[in-house]
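Peer 1: I have a structure I would like to understand better, so I am pasting it below and will then ask my questions one at a time.
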Amino acid sequence: MSILQILEFPDPRLRKIAEPVSVFDEKLEVLIEDMLETMYEAEGIGLAATQVDVHKRLLIIDVSENRDSPQVFINPEIKILEDELSEYDEGCLSVPGFYETVSRPRMVKITAQDAKGEKFEQTAEDILATCIQHEIDHLDGKLFVDYLSILKRQRIRSKLQKELNKSA
């Protein structure tokens, strides 16, 4: 297993729309393991393949308290089950150091495939629903900063760009 590089905003590769996964093989299993190791190392609760420059519709999540219940969603689709919104201070491994309040539907149903290609459905609410929506946004080329005002988004972009320039 290996730690993968996480792309950071405003990297244009984060805007690329992911393609469906069609091959369920050992290479995919290795990618999933590497993504899990990367997510845990970075202390995140979710990671989309787009964030590690793999433009496939794959995401992983672990919102468990003990960080021991990873979930894999391949080719995920969501359906909103409730109009009620939940607000969470969202952060993102691709937008390090920033947290902003985002409103999203509180309850969703996910249809996806597992690492073997088997289809499944799951209902998610609260933080799991938020996390799934956040990660699916990545697969669609969106970031949580897209939900913020233009001014806030520009401020975040400027600060991250300054950090990037310092380290170059």
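Peer 1: Kyte-Doolittle mean at least 0.0 and Cα extent at least 24 Å along the axis: which DSSP H helices of the chain qualify?
Peer 2: None pass (Cα extent of 24 Å or more, hydropathy at least 0.0).
Peer 1: Which percent of Cα pairs goes in each bin when the distances of segment 45-88 are cut into 10 angstrom slices starting at zero?
Peer 2: Pair shares across the bins are 22, 40, 36, 2.
Peer 1: May I ask you to give the solvent-accessible area per residue for the chain, in square angstrom, as obtained with a 1.4 angstrom probe?
Peer 2: Per-residue accessible area for the chain comes out at 55 Å².
Peer 1: To the nearest Å, what is the center-to-center distance of segment 33-102 and segment 113-168, using C-alpha atoms only?
Peer 2: Between the Cα centres of segment 33-102 and segment 113-168 lies a distance of 7 Å.
Peer 1: Could you look at the chain and say what percent of its accessible area is carbon and sulfur, using a 1.4 Å probe and all protein chains?
Peer 2: That fraction is 49 percent.
Peer 1: What order do you get for 22-28, 150-156 when each peptide is scored by the mean count of other beta carbon atoms within 10 Å, highest first?
Peer 2: My ranking of the peptides, most packed first, is 150-156, 22-28.
Peer 1: Okay, moving on. Of N165, G91, M1, which is farthest along the charge dipole of the chain in the positive direction, counting Lys and Arg as +1 and Asp and Glu as -1 at C-beta?
Peer 2: My answer, from the dipole projection, is N165.
Peer 1: Straight-line reach only, C-alpha to C-alpha below 17 angstrom: list the lysines that K152 could link to, leaving out same-chain residues fewer than 8 apart.
Peer 2: Straight-distance partners of K152: K142, K162.
Peer 1: Can you give me the distance in nm between label points at I127 and S167, each placed 7 Å from the Cα along the Cα-to-Cβ direction?
Peer 2: 2.6 nm
The values are calculated or read from the model by the stated rules, or taken from the named source; none is laboratory data. As the structure is a computational prediction, the values presented were derived from the model and not from experiment. Methodologically, a virtual Cβ is constructed for each residue, glycine included, from the backbone with ideal geometry; neighbour enumeration extends over all protein chains shown. These area figures cover heavy atoms from the full protein model, side chains too; ligands, DNA and RNA do not enter into them. Shrake-Rupley method; radii C 1.70, N 1.55, O 1.52, S 1.80 Å.
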